[in-house]
Structures are given as structure tokens and as C-alpha cells.
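The values are calculated or read from the model by the stated rules, or taken from the named source; none is laboratory data. Values in this document were obtained by computation on a predicted structure and should not be read as measured data. In this analysis, Cβ positions are derived from the backbone assuming ideal geometry, glycine residues included, and neighbour counts consider all displayed protein chains.
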Amino acid sequence: MPFAAPLLDTRLNGTVPDRHGKVRDLFDLGDRLLLVATDRISAFDYVLGSGIPAKGKVLTQLSAFWFAHTASIVPNHVLSTDMRDLPASFQPHRSVLDGRSMIVRKTQPLAIECVARGYLSGSGWKEYQAAGAVCGVPLPAGLRESDRLPRAIFTPATKASTGHDINISEAEAGTLIGEPLVARVRDLTLAAPVSAAAAGGDGKVRAAMNGRVVAVLVKPGEQVTLGQPVMTLEAMKMEHVHTAGVAGTVSAIDVAEGEQVTTGKIVVEIEAVV
């Protein structure tokens, strides 16, 4: 099935965004903001000239799922992903905005990026090779690239408006936003991976978005491996593959082909290999 051309720039009959990010376009609605995820590709702080069709829709649905999942940990900026909530002047553009847009409250961004690391990769691996630590957090000797860390660690970075973000220590982050706030965001950041693990690492595969079950790819009693496709879901005119979050035995199928499911519904249960 041919895809539509990628959306690289949000032009709504002459209404242009108030601000362009690397991937998202922003429209100021007065008391709220409209964030539109385009299909632009950003790699190493460089926006490529091409795009991936529907990439912005996938990005928005993933974001919506995790914002909803972590809302019990900390409130977030999302007000609605239903474009019927937009002002009347935007309603003629629903075909462009649906599935790739969020209406959000205005907030004051922090001057740092909060990162939880569970594995030793990327810039963290480079720091570890040089100093045996990442962002000032000492780590055991003898770790290899991409090893799982004994526990998740908080590794903040600067939030640069241009160029690369720079890893900093928790103490350095405190000089930017204050020590009490750093302590608060550190605790929230480290709570997120625990919540995320509960979304699939417990053996329960959940629907990542509203949609229709196209096919169940496993059956009760079947042995599955980590990452094995277990179901396909049709949403926003695309099929999305859901995979096993653990290796083990399929203990239950909680949906049927053709069934309409909502975000977060358990679709397949797997008894993990211990």
C-alpha cells in the first residue's frame, strides 16, 4: 500500500508555526500550545532533507501512551490529543493534524535534560572509559559497552538550544536549577523506568494505542522469545506490531482478531522464564 508523502512542514493554508523545532512545529493558541510532530528526521542535531511517512504519528502515539502511563508519577503538559478540542479556525485542517498533534498547557522548561541510564552506551560509555564514572556517578570496574548497570542512574545534561547537549553532574545541574529541584527531578526520573518496566516486563503485552486487532500471532502454550511479534494492531490506517517484553510461555490471549481495543488493554499474557 503506497504511503502519502511525508509531512516536512506544517502549512495550514497560510498559517505558519510560531516556532520550528527539529521535528515538531509549534502553534501558539493563546492560553495553550499546539504541538505538531512532522515526519522530519533529526540525526545528531542535523535535520535531513527527507522524511519518513507517518513518523510523526507514531512519535505522537508513543508519547501519548507514556505520558498517560506516567501521569500517576508526575503531572505533565498534555491536555488533549483529540483535535476536535482545537479552535474553530483549525478544524478545516484536521486531516493534517489528526494523530500527530497534541494540545498542551504552557509551561516553563527546565534548563537541564533529565536522563535515566540503565545501560552503559553512547556518551556514557565514553565517560566510563575515561574516568570510570558517568556524570560524576562512580561505576564498578570491568564493565563492557552496553552492559546493564547494577541500578539505573541519574545522568543530567544541558539543554542546548543549538548544538549537542553536554553531560553534567548532579551537582552541576544544581547550580543551574537549584539543588532542591534537582533532587525532585532526579527522583521522578528514576521512577520512570520502574513504571515503564511494569508496562511490559511483567509479561503482560498491552495495546499501545486505540485500534483494531488485525492478527494474533501466538497461541496459548507457545514458547516466545524477547521481542517476538505477538500481535498486530491497526490504528491510524497503519498496522503496528506488538512484541513480547519477556521470554516465556503464552499463558493467555485476551483479545480476538477484529476486536476493538483501547490504549493499555492487556492483549497477551506471558509467563516469563525465571
Can you tell me which of (1) at pLDDT 95 or above; (2) surrounded by 13 or more Cβ atoms within 10 Å (Cβ to Cβ) is the one Glu179 doesn't meet?
(2)
Selection within the stretch 103-124 - farther than 21 Å from Asp28 by Cβ and touching a residue at least 40 places away in the same chain (Cβ under 8 Å)
Ala111, Ile112, Glu113, Cys114, Val115, Ala116, Gly118, Ser123, Gly124
Being farther than 17 Å from Ile112 by Cβ and either modelled with pLDDT of 95 or more or within 26 Å of the chain's Cα centre (by Cα) (or both): is that true of Glu145 here?
yes
Considering every residue within the stretch 209-222, establish whether at least one is in contact with a strand residue (DSSP E or B) (Cβ under 7 Å, 6 or more places away or on another chain), modelled with pLDDT under 75 and not assigned by TED's automatic domain parsing to the domain that holds Leu120.
yes
Within the stretch 72-91, track down each residue that is surrounded by 12 or more Cβ atoms within 10 Å (Cβ to Cβ) and modelled with pLDDT under 90.
Ile73, Val74
Do we find that Gly248 is over 16 Å from Leu62 (Cα atoms), modelled with pLDDT under 90 and outside the structural domain of Lys57 (by TED's automatic domain parsing) in this structure?
yes
When the residues of the stretch 105-163 are narrowed to those that are basic (Lys, Arg) and farther than 29 Å from His77 by Cα, which ends up surrounded by the fewest Cβ atoms within 10 Å (Cβ to Cβ)?
Arg144
Filter pass, Gly56 being in contact with a Leu (Cβ under 7 Å, 6 or more places away or on another chain) and over 17 Å from Arg94 (Cα atoms)
no
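Rundown of residues vs (1) among the aromatic types (Phe, Trp, Tyr); (2) farther than 24 Å from Lys106 by Cα; (3) surrounded by fewer than 17 Cβ atoms within 10 Å (Cβ to Cβ), yes/no style:
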position: Ala4; (1), (2), (3): no, yes, yes
position: Asn13; (1), (2), (3): no, yes, yes
position: Val16; (1), (2), (3): no, no, yes
position: Gly21; (1), (2), (3): no, no, yes
position: Arg24; (1), (2), (3): no, no, no
position: Leu29; (1), (2), (3): no, no, yes
position: Ile41; (1), (2), (3): no, yes, no
position: Asp45; (1), (2), (3): no, yes, yes
position: Leu48; (1), (2), (3): no, yes, yes
Count - residues of the stretch 71-90 that are hydrophobic (A, V, I, L, M, F, W, C), within 16 Å of Gly30 (Cα to Cα) and within 16 Å of the chain's Cα centre (by Cα)
1
Could you please give the count of residues in the stretch 18-47 that are of a type in the set (Ser, Thr, Tyr) and either at pLDDT 95 or above or over 22 Å from Gln61 (Cβ atoms) (or both)?
2
